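Each value in this text was obtained by applying a stated rule to the coordinates, not by laboratory testing. Given the structure is predicted, the values throughout are model-derived calculations rather than measurements. Here the Cβ positions follow ideal geometry from the backbone for every residue, glycine too, while neighbour counts run over all protein chains shown.
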Number of protein chains: 2
Amino acid sequence: MRVLGIDPGLTRCGMGVVEGDVGRPLKLIDVNVIRTSSHLPVPERLVSIEQGIEAWLDEHRPDAVAVERVFARADVSTVMGTAQASGIAMVCAARRGLPIALHTPTEVKAAVSGNGRADKAQVGAMVTRILRLDAMPKPADAADALALAITHIWRGGAQARIDAAVAAAGGVCR
Amino acid sequence: MRVLGIDPGLTRCGMGVVEGDVGRPLKLIDVNVIRTSSHLPVPERLVSIEQGIEAWLDEHRPDAVAVERVFARADVSTVMGTAQASGIAMVCAARRGLPIALHTPTEVKAAVSGNGRADKAQVGAMVTRILRLDAMPKPADAADALALAITHIWRGGAQARIDAAVAAAGGVCR
């Protein structure tokens, strides 16, 4: 499966496309950061983010989109822009009927590093190792977007195995 | 001028269209609330809101859009959905090149009632009087959207008069 991970943000919106399945090596398809200037009005910035995401959905045709779940307790000065950007990301995917999953930062850190409190450098280092890259993706938003996509493939795979096991055992309702 | 006021929200998104100019009676064109079920996934709810706003932009062709400015200090349980809905509203307007203004709740209350701390009932009563309606628009989100549109016309008109006076006096740079 091919997953687009989106680390939403108004100033930097990370996008990472990863392909693969659980138990097999994952492959980096593409990674990028949409940047918008803080000198522009917010509506224009959101339209730029929408256009950037739409372009990637057209180009990479992912099977699913994973977006970082934003919490109100995050940094107050940036959380509204982050929430707005995450809303745009969700709408872009939902308009196309793509499955969308929201993963918390803790889930992502735990999935890629085994430690829900890993720092940015640890997450970046694990993404670099998992995708067998020559260098750590920069900036951190790019690495975070890839980590989201990796998390989605691994969690989705685990869920798919559980579902299959449940189905093989006769279904949920027994 | 014709203004679409949007009181963003995930469960109830108020939309009100008002036409008029400063110093003349304002006219209610239409008012509605987009409702989305909390049982649906957030991305689907945001797409419904986008479709509802798009339909009104098509139908009412406003000259400007006024959106309530959302603050991170608002109710934490709903603020993320409100921020996401406001982002959708801004993108819908910006894609069409429409002027967008953000007004704070305090600005709106002060504009329609003369009191920045007016409660919902006072705002609703003033909207009813200003637009010469037979009954108060319900729910409060509908009245708030109309109050936003009224605020925008009145503030915009005042700004236009100041700009004209400055221009008549020889411009800003003298």
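The P(r) of chain B has a tail past 24 Å containing 35 percent of all C-alpha pairs.
Fewest neighbouring Cβ atoms within 10 Å first, the residues A:SER86, A:SER38 line up as A:SER38, A:SER86.
Note on chain B: dipole from Cβ charges, positive end direction compared against B:GLY14, B:MET80, B:ALA111; the farthest Cα belongs to B:ALA111. Report relative contact order for the stretch A:49-143 in percent, whole number only (criteria: Cα-Cα under 8 Å, sequence separation at least 6). Once divided by the residue count of the stretch A:49-143, the mean separation gives 23 percent. Arranged from fewest to most other beta-carbon atoms within 10 Å of their beta carbon, A:TRP56, A:TRP154 become A:TRP154, A:TRP56. Dividing the summed helix terms, -39500 (n - 2.57) for each DSSP H run of n ≥ 4, by the number of residues in the protein assembly as shown produces a 222 nm estimate of -17000 deg cm²/dmol to the nearest 500. I'd like the antiparallel share, as a percent to the nearest 5, of DSSP beta bridges with both residues in the stretch B:2-168. DSSP beta bridges in the stretch B:2-168 are roughly 65 percent antiparallel. Of the complete DSSP H runs in chain B, those spanning 20 angstrom or more by Cα along the long axis with a mean Kyte-Doolittle score not below -1.0 are B:42-60, B:76-95, B:140-168. Across identical copies of the chain, A:SER77 has label-point separations of 3.1 nm, listed in ascending order, with the point defined 7 angstrom from Cα along Cα→Cβ. Using r as the Cβ-Cβ distance of B:SER38 and B:ALA168, and R0 as 41 Å, what FRET efficiency do you calculate, to the nearest 0.05? It comes to 0.15.
Semi-axis lengths, largest first, of the ellipsoid equivalent to the protein assembly as shown are 43, 23, 16 Å, with √(5λ) applied to each eigenvalue of the Cα gyration tensor.
Evaluated with a Cβ-only charge set (Lys, Arg +1; Asp, Glu -1), chain B carries a dipole of roughly 440 debye about its Cα centre, given to the nearest 20. Spin-label model, A:ARG132 to B:THR11: label points 7 Å out along the Cα-to-beta-carbon direction sit 5.1 nm apart. Between A:ASP134, A:ASP63, A:ASP119, the GNM of chain A built on Cα springs shorter than 10 angstrom shows A:ASP134 fluctuating the most.
In a reduced charge model with +1 at each Lys and Arg Cβ and -1 at each Asp and Glu Cβ, the protein assembly as shown shows a dipole moment near 520 debye about its Cα centre. Amide H contacts of A:ASP30 (H built 1.01 Å from N, in plane; Pro and chain starts excluded): A:VAL17 sit under 5 Å, all sequence-distant by 5 or more or on other chains.
Between B:ALA55 and A:GLN51, the simple spin-label model (points 7 angstrom out along Cα→Cβ) gives 2.9 nm.
Inter-copy label distances for B:GLN122: 5.2 nm (label point placed 7 Å from Cα along Cα→Cβ; shortest first). Ranked by how many other Cβ atoms sit within 10 Å of their own Cβ, fewest first, the residues A:LYS138, B:LYS120, A:LYS109 fall in the order A:LYS138, B:LYS120, A:LYS109.
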